[in-house]
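Peer 1: I'd like to ask you about the structure that follows.
The values are calculated or read from the model by the stated rules, or taken from the named source; none is laboratory data. Please read all numbers here as calculations on a predicted model, not as lab measurements. Please note: Cβ atoms are built from the backbone with ideal geometry, for glycine as well, and neighbour counts cover all protein chains shown. SASA here: full protein model, heavy atoms, side chains in, ligands and nucleic acids out. Shrake-Rupley method; radii C 1.70, N 1.55, O 1.52, S 1.80 Å.
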Amino acid sequence: VQLQAFGGGLVQPGGSLRLSCAASGTISSPNTMCWYRQTPGKQRELVAAITSSGSLTYTDSAKGRFTISRDNAKNTVALQMNSLKPEDTAVYYCNVVVSSRGYWGQGTQVTVSS
């Protein structure tokens, strides 16, 4: 399984960005598609997750501002990020867990700054 993430960039506080991730290869169900983020010197943290059956998980800081979605037919996962804050600045990684094995994309930088 290979993952490729798109959509990072520079945005002003209060702005929006949409991250997308395309997975190639065989992805069986059940599986979970996730977005993580990491800042220098800190551990990678889960931002949001969605299972193949549609169950959602969000970290507290993302609730109400971020929306994760997926297209099972296309093996893609997206993260719509609204009301962005400077503390959302990080490298964002997509992740797929299949049969207890995790696969990672290359990461995309999101910078929230005026």
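Peer 1: Could you tell me which of the residues S53, S16, S61 is at pLDDT below 95 and either touching a helix residue (DSSP H, G or I) at 6+ places or on another chain (Cβ under 8 Å) or hydroxyl-bearing (S, T, Y) (or both)? It would help to see each step written out before you state the result.
Peer 2: Working: S16 fails: at pLDDT below 95; S61 fails: at pLDDT below 95.
Going through S53, S16, S61 in turn, just one is at pLDDT below 95 and either touching a helix residue (DSSP H, G or I) at 6+ places or on another chain (Cβ under 8 Å) or hydroxyl-bearing (S, T, Y) (or both): S53.
Peer 1: Mind checking which pairs have a first residue in segment 69-97 that is more than 26 Å from S113 (Cβ to Cβ) and a second that is part of a loop (DSSP other than H, G, I, E, B) and open to solvent by less than 50 Å² (accessible area, probe 1.4 Å), Cβ under 7 Å, 6 or more apart or different chains?
Peer 2: N72/S52; N75/I27; V96/I27
Peer 1: Further question: Filter segment 14-68 down to the residues that are open to solvent by 40 Å² or more (accessible area, probe 1.4 Å), part of a strand (DSSP E or B) and without any contact (Cβ under 8 Å) to a residue 24 or more places away in the chain and list them by number.
Peer 2: E45, L46, L56, T57, Y58, T67
Peer 1: Please determine, by comparing only the residues of segment 102-114 that are crowded, with 19+ Cβ neighbours inside 10 Å and out of contact with any Pro (no Cβ under 8 Å at 6 or more places or on another chain), which one is farthest from R18 (Cα to Cα). Don't jump to the end; show me each part of the working.
Peer 2: Within segment 102-114, the subset crowded, with 19+ Cβ neighbours inside 10 Å is 105, 108, 110, 112.
Checking which are out of contact with any Pro (no Cβ under 8 Å at 6 or more places or on another chain) leaves us with 105, 108, 110.
Values: G105: 16, T108: 11, V110: 10 Å.
So, considering only residues that are crowded, with 19+ Cβ neighbours inside 10 Å and out of contact with any Pro (no Cβ under 8 Å at 6 or more places or on another chain), the one farthest from R18 (Cα to Cα) is G105.
Peer 1: Here is a further query. Looking at this structure, is G7 at positive phi and touching a Lys or Arg at 6+ places or on another chain (Cβ under 6 Å)? Reasoning before the result, please.
Peer 2: Working: at positive phi: yes; touching a Lys or Arg at 6+ places or on another chain (Cβ under 6 Å): yes.
Answer is yes for this residue.
Peer 1: Scan segment 75-100 for residues that are farther than 13 Å from L3 by Cβ and over 14 Å from the mean Cα position of the chain (by Cα) and jot them down.
Peer 2: S83, L84, K85, P86, E87, S99, S100
Peer 1: Which residue is most open to solvent (accessible area, probe 1.4 Å), if the candidates are limited to segment 78-101 and must be part of a strand (DSSP E or B) and either farther than 15 Å from R37 by Cα or out of contact with any strand residue (DSSP E or B) (no Cβ under 6 Å at 6 or more places or on another chain) (or both)? Reasoning before the result, please.
Peer 2: Within segment 78-101, the first condition is being part of a strand (DSSP E or B), and the residues that meet it are 78-81, 90-98, 101.
From what's left, either farther than 15 Å from R37 by Cα or out of contact with any strand residue (DSSP E or B) (no Cβ under 6 Å at 6 or more places or on another chain) (or both): 97-98, 101.
Numbers: V97: 53, V98: 15, R101: 145 Å².
It comes out as R101.
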